[in-house]
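For reference, the structure discussed in these notes is given below.
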Amino acid sequence: MAHIQVIEGLSIPGSVGRENDDALGANGSIAFVLDGVTALVDTPVMPGKSDAAWAAHAARDLLLQHENERDLRKLIGDVGQGIAARFEAERLRPTQARWELPWTTLSIVSVEPGRLNIAYVGDSRVLIETADDEIHNFGTNPSRSAFEAKLATKMLSARKGQAFSAETVRATVMPDLRRARDTVNTPDGFWLLGPDAAVGAHASVTSIALDGPATVLLATDGFYALVEDYQRYGDRELIATAQTLGLAILARELRHIEDEDPEGERYPRMKKSDDATALLVRVEP
């Protein structure tokens, strides 16, 4: 019977004492990672320490209620509808603008006999090593948009040697971020998972045939930075190292790179370290 088996999962916050806005999960037929999108509000909309974590955790809980769902568009739409219901029931106050809504990225795989289905919204990544030794990469490429790169450079210029801080972000790029966030799940913007059932129709969905077992590494952009931002690995090397040395070793290397560049001078970025999540699974078709 086609099924998914977890090999290892890891999720670490961007800094000690900070809420981890990522989440991951799996059951016998699906596996996924979620990256809650950093909230831009001054006053929280949702209960808990982080609106972004609320979105990721709500999505995780709703996804795990589903098993043997082959239609990932329907699944994502159903979860968006469920998040919308929870949002209305749990929110602490009305929202004043679209940029206040809670969102999360999602990358997910599901298995059925002879086939692996893949879907994503946002910038998390899926790497698949198939039985013929091919490596397949699914996700927004590149993860970092030109807009994000521009803002990171703007922050670097504004800091002038000062350390990363929430105040730096707020003073230099918050208006830009709020304008961009106002376009989420609109014709002028990009799509994320949140309190919106329409997201299912706009998810990127594909599938590949499997004639044998496959290994899948799902990773948020904070973890995939080892490849895309810091260029320490290629896709093949990353999934191989995950299998041989483990995710914790990779996470330590990730933080070491960032600790050596604390102000983002070598690798311009929005913050010193992002939440980082990875899930390594074996797929039996």
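The values are calculated or read from the model by the stated rules, or taken from the named source; none is laboratory data. Bear in mind the structure is a predicted one, so any value in this text is a computation, not a measurement. Positions of Cβ are generated from backbone atoms using ideal geometry, with glycine treated the same way; all protein chains shown enter the neighbour counts. We work out accessible area using only protein heavy atoms, side chains counted, and drop any ligands, DNA or RNA first. Shrake-Rupley method; radii C 1.70, N 1.55, O 1.52, S 1.80 Å.
Odds and ends about this structure:
- To the nearest 10, the accessible area of Glu112 is 30 Å² with a 1.4 Å probe.
- For the chain, alpha-carbon Rg over 2.2 N^0.38 Å: 0.97
- If you sort Met270, Met1, Met174 by accessible surface, 1.4 Å probe, largest first, the order is Met1, Met270, Met174.
- Of all accessible heavy-atom area on the chain, the percent that carbon and sulfur account for (1.4 Å): 51
- Placing unit charges on the Cβ atoms only, positive for Lys and Arg and negative for Asp and Glu, gives the chain a dipole magnitude near 840 debye about its Cα centre.
- GluC sites (Glu not before Pro) lying in DSSP loop within the stretch 54-126, provided at most 11 other Cβ fall within 10 Å: Glu67
- Order of exposure, largest accessible area first, which applies to Asp133, Asp123, Asp42 with probe 1.4 Å: Asp42, Asp133, Asp123
- Between Gly139, Gly48, Gly80, the GNM of the chain built on Cα springs shorter than 10 angstrom shows Gly48 fluctuating the most.
- Computed log₁₀ I(q)/I(0) - Debye formula, equal Cα scatterers, no solvent, the stretch 29-117, q 0.13, 0.26 Å⁻¹: -0.45, -1.33
- Cα-only Debye scattering, the stretch 1-66: base-10 log of I(q)/I(0) at q = 0.17, 0.28 Å⁻¹: -0.65, -1.24
- Comparing Pro213, Pro195, Pro102 in a Gaussian network model of the chain (Cα springs below 10 Å), the most mobile by mean-square fluctuation is Pro213.
- Cβ-placed point charges (K, R +1; D, E -1), dipole of the stretch 193-285 about Cα centre in debye, nearest 20: 180
- Considered as an equivalent ellipsoid built on the Cα gyration tensor, the stretch 90-138 has semi-axes of 36, 12, 6 Å, the largest given first.
- Calculated accessible area for the chain comes out at 44 Å² per residue, all protein chains present (probe 1.4 Å; ligands, DNA, RNA ignored).
- Solvent-accessible ranking of Lys74, Lys272, largest area first, probe 1.4 Å: Lys74, Lys272
- Residue with peak Gaussian network fluctuation, the chain [Cα springs, cutoff 10 Å], from Leu24, Leu177, Leu92: Leu92
- Its DSSP H runs of at least 4 residues, each contributing -39,500 (n - 2.57), put the calculated 222 nm mean residue ellipticity of the chain at -10500 deg cm²/dmol, to the nearest 500.
- With all protein chains modelled, accessible area of Arg115 [1.4 Å, Å²]: 80
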